[in-house]
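What follows is a set of notes on a single structure, which appears directly below.
The values are calculated or read from the model by the stated rules, or taken from the named source; none is laboratory data. Note that the structure is predicted; figures quoted are calculated from it, not measured. As a convention, Cβ positions derive from the backbone with ideal geometry for all residues, glycine included, and neighbour counts pool all protein chains shown.
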Amino acid sequence: MKLKNLTILIISNEPWGKVWYSKHHYANELSISNHVFFLDPPSYWRFTNLLKPKFKTTVLKKNLILIKPHNYLPLTGKSKYLERINSRFVVTTLKKIIKKINTKELIVWTFDPYRIFNPKLLAPKLVIYHSVDYYTHPREKWLFNNVDIILATSDRIAAKYRSLQIPVYQIPHGVNSPSIPFDHVMRIRHRKEIILVGTITARIDFELLYKISSSFQDYNLKIVGPIDKRKFNKNDWWFFNKLEQQENVIFTGAIKYHELEKHILSAAIGLCILKADYIGNQLSSHKILQYLIYGKNVVTTQLEEYQHLVENEILYMGNSHEDIIMFCEKALKNKDDVQLAKKRILFAKARMYSRIIESIESYLPTHINDR
């Protein structure tokens with residue numbers, strides 16, 4: 001089945017905004033050949049929601065419409081009964097929006113395991129559940145009876161679903177093509193910067209970042225992304241505050257996705273520094289490809305899906321703080337190796353979103369739910 005000339009509803013657990021995650025990139029890429037609706041997570045419940053029958057819609061670009069929903073009922077996160085009723089109200093409103101704007105065959109593509117558990121009420125041609133993290137909340141199971149196919153970004157995530165009577169396929173993370181030609185990418189001179197890109201949460205190893213900033217004080221450590229401190233523990237707070245005091249550490253906060261390219265291009269190497277105490281931190285990260293597509297040397301904590309890249313020095317991967325510091329030093333020494341940069345770009349090019357979508361298309365024909 002070709003993903004062309006269809007209506008696609010992307011259900012996202014991350015809102016549309018400056019920072020783009022996988023679901024934003026898929027929406028953008030799919031809108032080239034399809035009519036795409038991007039459903040934001042709902043706003044906080046208010047009593048006035050009972051009196052608001054409509055959702056706000058915004059045209060983001062040609063063939064891409066943002067829908068900002070709200071929950072009609074409170075406590076949907078705590079009550080399965082209320083969630084099911086609320087979900088029916090939400091689906092009814094969505095059907096009206098989609099039917100009014102577009103009548104092509106519908107595909108529902110959900111990235112949110114905790115919301116709209118009955119997407120088949122929308123009468124779609126196909127329902128895809130795209131799992132990009134190692135979710136453990138039992139609410140995810142509510143969705144399984146209403147999906148036709150599951151896509152997972154790592155083998156270990158895919159293994160979670162193998163016992164279900166649903167086709168499961170491992171699909172790697174994707175990346176966008178640079179806005180400039182690849183030969184120009186190779187010519188851009190970097191600054192004395194080490195970069196870390198991503199949402200700054202308790203999943204980051206702040207102690208290790210502090211050690212890196214202290215070990216390479218002739219380089220600025222640029223930390224690019226929104227900061228979410230809600231789940232910080234004492235150790236996180238301690239080293240986060242220490243990082244803020246470092247003269248060579250720069251926190252940019254959230255920046256628009258389209259401005260991210262210039263920050264990565266100017267960096268000497270890229271980092272992915274995660275704690276090992278959460279399974280999801282050990283599997284995969286789309287940040288890796290964001291560095292590799294620009295030929296950047298990468299130093300990362302353990303990520304199963306990229307282990308095979310270590311042997312060819314496409315990236316460096318460490319088990320301990322000492323390993324990571326050592327690999328940072330090594331990466332900085334060969335940061336100008338043109339042949340290694342070409343290898344990195346070649347690997348990332350094979351995972352550009354246009355090619356990932358072609359791969360997904362090859363899995364769809366035998367799993368279409370003809371209605």
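Structure above, values below:
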{"quantity": "Residue 58, sole failed condition from (1) in a strand (DSSP E or B); (2) farther than 30 Å from residue 253 by Cβ; (3) out of contact with any helix residue (DSSP H, G or I) (no Cβ under 9 Å at 6 or more places or on another chain)", "calculated": "(2)"}
{"quantity": "Residue, nearest to the chain's Cα centre (by Cα), within the range 34-44, restricted to residues that are outside any strand (DSSP E or B) and at pLDDT below 95", "calculated": "41"}
{"quantity": "Selection within the range 106-140 - among the basic types (Lys, Arg), surrounded by fewer than 23 Cβ atoms within 10 Å (Cβ to Cβ) and farther than 15 Å from residue 8 by Cα", "calculated": "139"}
{"quantity": "Unmet criterion (only one of (1) over 30 Å from residue 359 (Cα atoms); (2) in contact with a Cys (Cβ under 9 Å, 6 or more places away or on another chain)) for residue 230", "calculated": "(2)"}
{"quantity": "Scope the range 238-257; condition in a loop (DSSP other than H, G, I, E, B) and in contact with a His (Cβ under 9 Å, 6 or more places away or on another chain); matching residues", "calculated": "255"}
{"quantity": "Complete set of residues in the range 247-280 that are surrounded by 13 or more Cβ atoms within 10 Å (Cβ to Cβ), out of contact with any helix residue (DSSP H, G or I) (no Cβ under 7 Å at 6 or more places or on another chain) and among the small types (Gly, Ala, Ser)", "calculated": "254, 266, 267, 280"}
{"quantity": "Positions within the range 217-252 being of a type in the set (D, E, K, R), in contact with a Phe, Trp or Tyr (Cβ under 8 Å, 6 or more places away or on another chain) and farther than 12 Å from residue 200 by Cα, in sequence order", "calculated": "242, 244"}
{"quantity": "Enumerated strands (runs of 3 or more DSSP E) restricted to the range 141-234, each holding at least 1 residues that are among the acidic types (Asp, Glu) and either surrounded by fewer than 19 Cβ atoms within 10 Å (Cβ to Cβ) or assigned by TED's automatic domain parsing to the domain that holds residue 328 (or both)", "calculated": "193-197"}
{"quantity": "Qualifying residue in the range 291-314 (condition: part of a loop (DSSP other than H, G, I, E, B) and closer than 25 Å to residue 202 by Cβ)", "calculated": "yes"}
